[in-house]
Every structure is written in structure tokens, then in C-alpha cells.
Amino acid sequence: MKLSFRWYGPDDPVSLLHIRQVPVIRGIVSALYHIPVGETWPLKGILTLKARIEESGFEWTAIESIPVHEDIKLGNTQRDHWIDKYCDSIRNMGKAGIPVLCYNFMPVFDWTRSTLDMKLPDGSTCLAYDHDTISRVDIKKGTFSLPGWATAYEKDALNRLMDAYSELTEEDLWQNLGYFLKRVIPVAEESGVRMGIHPDDPPWSIFGLPRIICREADLDRFLNIVNSPSNSLTLCTGSLGPDEQNDMVRMTDKYAGKNRIVFAHIRNIKRTGPFSFHETAHPTACGDVNIIGVLKMYHKHNFTGVLRPDHGRMIWNETGKPGYGLYDRSLGAMYIAGIWEGLNRD
Ligand SMILES: [Mn+2]
């Protein structure tokens with residue numbers, strides 16, 4: 001298990017020097033955040049960031065993420081153009097020796113929350129998703145906005161995109177995912193790269209948009225599209241966990257046992273209703289996901305992939321990128337490392 005930490009590059013308020021002082025972190029998960037969605041990641045840019053990470057004493061263990069252009073998800077006539085560029089990015093990361101690529105296939109919005117600073121009883125704050133709040137949002141009218149959206153799309157561009165998706169069914173999205181995988185997975189194989197799709201967060205449809213990577217049956221279908229170690233999962237306990245049908249211990253056991261997990265995201269959530277939840281501190285006792293049970297399954301299968309603490313709360317008056325402060329993620333890393341050391345000694 002390569003215990004890693006997400007770092008948003010040189011502009012991240014959390015520096016590599018800070019991460020260096022968390023005694024258990026070996027790897028960094030990062031991306032070239034300045035490259036526009038869809039454009040090829042140049043080898044030179046990858047190597048420059050890699051050198052910076054290595055100078056700080058880390059290994060760049062995974063790229064999270066190279067975003068998939070909406071034309072690919074929509075399956076329109078431009079998709080081959082963008083898939084060619086995606087393949088070039090994979091080749092370049094392979095040349096740079098970065099082995100794991102995380103991506104997702106969620107239309108328009110990736111992770112979605114109704115609140116970025118919900119107050120917990122201990123005074124810390126966390127990200128939360130409330131079904132009623134989300135249900136009141138009218139994307140096209142723009143009558144209600146959610147945190148973190150303003151920068152993502154101009155209103156007109158968003159409306160055009162929502163129109164384009166209005167005819168797309170779940171089955172269409174599966175076909176478009178399959179088309180993408182059949183093109184990119186052979187390139188990943190040749191490049192020594194393993195791709196791990198990140199499940200949809202939350203694991204259900206939002207704003208009428210199809211979402212297809214939500215449940216165990218979806219993961220099974222996904223893995224069968226191309227049966228290759230390069231076509232694998234980023235198993236995220238916090239993304240799948242809000243649906244109580246997703247038994248994270250059993251799913252970890254199943255997919256780690258088949259060697260189809262390349263990247264593990266460890267995070268806990270508390271369900272507050274059928275389609276509502278908030279994030280919590282990492283320990284099992286703090287939420288509804290059996291984190292120690294999940295880690296036991298990775299240990300049982302001698303998991304050698306990348307594993308990182310996922311979103312943390314904001315504690316000790318820290319400010320910064322929601323979910324990605326230094327302090328609570330460091331507590332999560334120590335919790336994970338403590339369990340792992342205990343399992344090693346048993
Ligand atoms: Mn995740």
C-alpha cells in the first residue's frame with residue numbers, strides 16, 4: 001500500500017513541506033491543473049511537476065485526474081478528436097513513469113454538495129449533501145446556486161450543455177463509456193498505466209443527468225467492458241457509501257481480490273436520510289462506513305496500489321480548499337497508518 005496525499009500543485013495552500021511532516025506519507029497524488037479540459041498533457045509539464053514532487057522526498061503515485069471532455073461523454077462527432085488527445089496524455093504519463101490514472105465519467109458536474117461548511121457538534125465543519133436543497137435547484141433558470149459552481153461554467157454554456165444531455169439516456173452513456181474504454185485501455189496497457197474510474201459522487205442521478213457508476217452491479221458491468229488490469233477502479237468509500245446498499249467491506253474484498261482496484265480513497269460519511277449525508281472524520285466510529293473493515297480487506301489481499309485519505313473536515317480554524325485542508329486529512333492518514341501497522345503485526 002502506497003499511502004499518499006492529494007496535493008493541488010504549487011498553488012495549493014497546503015505545501016509539500018507541510019505534507020512532508022506527516023510521518024507516514026510516501027506518495028503524492030496530483031495533476032496539471034492549468035491544462036484546459038481535453039487538451040493533451042505535455043510530457044515536459046508532467047516531468048517538471050514530477051521533479052518538484054521528488055525533490056520534496058515523495059513519489060508521484062497517481063494522477064487525479066485527467067478530466068474526460070464532455071464531447072466524449074455525449075458521444076458526439078467531436079469525440080475522436082478528444083480521445084486522441086486523451087491517449088497522448090496517457091502515453092506521456094507512461095513515459096514519465098506515473099503508473100495510476102484516476103478519472104470519472106460523470107456528466108457536467110463531478111462531486112456535488114449542498115453545503116461546504118456544515119457545522120458538526122464539535123465545532124468542526126464538513127461538506128454535506130441535502131436532498132431537499134438539491135431538489136430545489138433549477139439549473140437552467142439559475143434561480144438557486146450551489147457552492148463552488150460560479151467558476152465552473154458560464155450560464156449560457158451550462159444551458160447548452162444541459163440541453164445536449166437532455167436526450168442522453170443511461171444506456172447511451174454506457175455506450176459512450178464503452179467506446180472510450182475500447183480506445184484508451186489498449187493505450188494504457190502499452191504505456192504501463194492502470195486507469196481507475198472514480199465512482200459517481202453522490203451515487204445517484206442529479207438534475208436529471210444520467211449517472212452510471214453508482215452501485216456494485218455498475219462496477220461489475222464496467223469491469224466487464226474491457227477485462228484488463230488497466231481497466232480498474234478507484235474505489236472511493238465516501239462516494240459509494242451514501243447508498244446503504246453499497247457494502248464497502250464486501251465490495252473491497254471482491255474487487256481487491258480480483259486485482260481490479262488501483263487506487264483506494266478512504267473517507268467516512270454519515271447518512272442523514274435516503275438521499276442525504278454529511279462527511280465525517282475518518283474513524284469507523286464517526287460515520288456509517290466500516291473503515292477498519294475496508295482496510296482489513298485491502299490488507300488481506302496484499303494491496304500494493306495507491307491509497308489516500310480523502311476529504312477531511314475543517315478543524316482548528318484552518319481555512320482553505322473545502323475537504324482538502326491539511327489537519328483533518330493528516331489525522332485520517334495517521335488513523336489509516338495505525339490500523340495498517342496493527343494489521344502487519346497481527
Ligand atoms: Mn474519492
Item to complete: Being away from the ligand (no atom under 16 Å from the Cβ) and either in contact (Cβ under 8 Å) with a residue 12 or more places away in the chain or touching a Lys or Arg at 6+ places or on another chain (Cβ under 6 Å) (or both) narrows it down to one of Ser205, Ser239, Ser232, so name that one.
Response: Ser205
Worksheet, complete the sentence: Restricting the range 325-346 to residues that are assigned to a loop (DSSP other than H, G, I, E, B) and at pLDDT 95 or above, the one farthest from Met1 (Cα to Cα) turns out to be Gly325
Worksheet, complete the sentence: Selection from the range 250-293 of residues within 16 Å of the ligand (Cβ to nearest atom) and under 25 Å from Ile98 (Cβ atoms) yields Thr252, Tyr255, Ile261, Val262, Phe263, Ala264, His265, Ile266, Arg267
Fill in: Flag for Thr304 being touching a residue at least 40 places away in the same chain (Cβ under 8 Å) and of a type in the set (Ser, Thr, Tyr)
yes
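Being closer than 25 Å to Leu120 by Cα and more than 12 Å from the chain's Cα centre (by Cα) is the filter here, so list the residues in the range 248-276 that pass it.
We begin by selecting, within the range 248-276, every residue closer than 25 Å to Leu120 by Cα; these are 248, 265-276.
Met248, Asn268, Ile269, Lys270, Arg271, Thr272, Gly273, Pro274, Phe275, Ser276 - these are the residues of the range 248-276 that are closer than 25 Å to Leu120 by Cα and more than 12 Å from the chain's Cα centre (by Cα).
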Worksheet item: Quick one: would you say His278 is within 25 Å of Ile28 (Cβ to Cβ) and not hydrophobic (A, V, I, L, M, F, W, C)?
Response: no
Discussion item. Criterion first (at pLDDT below 95 and buried (at least 17 other Cβ atoms within 10 Å of the Cβ)) does Ile139 satisfy it?
Written reply: yes
Discussion item. So for the range 177-190 (the condition being over 17 Å from the mean Cα position of the chain (by Cα), more than 15 Å from the ligand (Cβ to nearest atom), free of Cβ contacts under 8 Å to residues at least 60 places away in the same chain and assigned to a loop (DSSP other than H, G, I, E, B)), does at least one residue qualify?
Written reply: no
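The values are calculated or read from the model by the stated rules, or taken from the named source; none is laboratory data. These figures come from a predicted structure and were not determined experimentally. We place every Cβ from the backbone using ideal geometry, glycine too, and count neighbours over all the protein chains shown.
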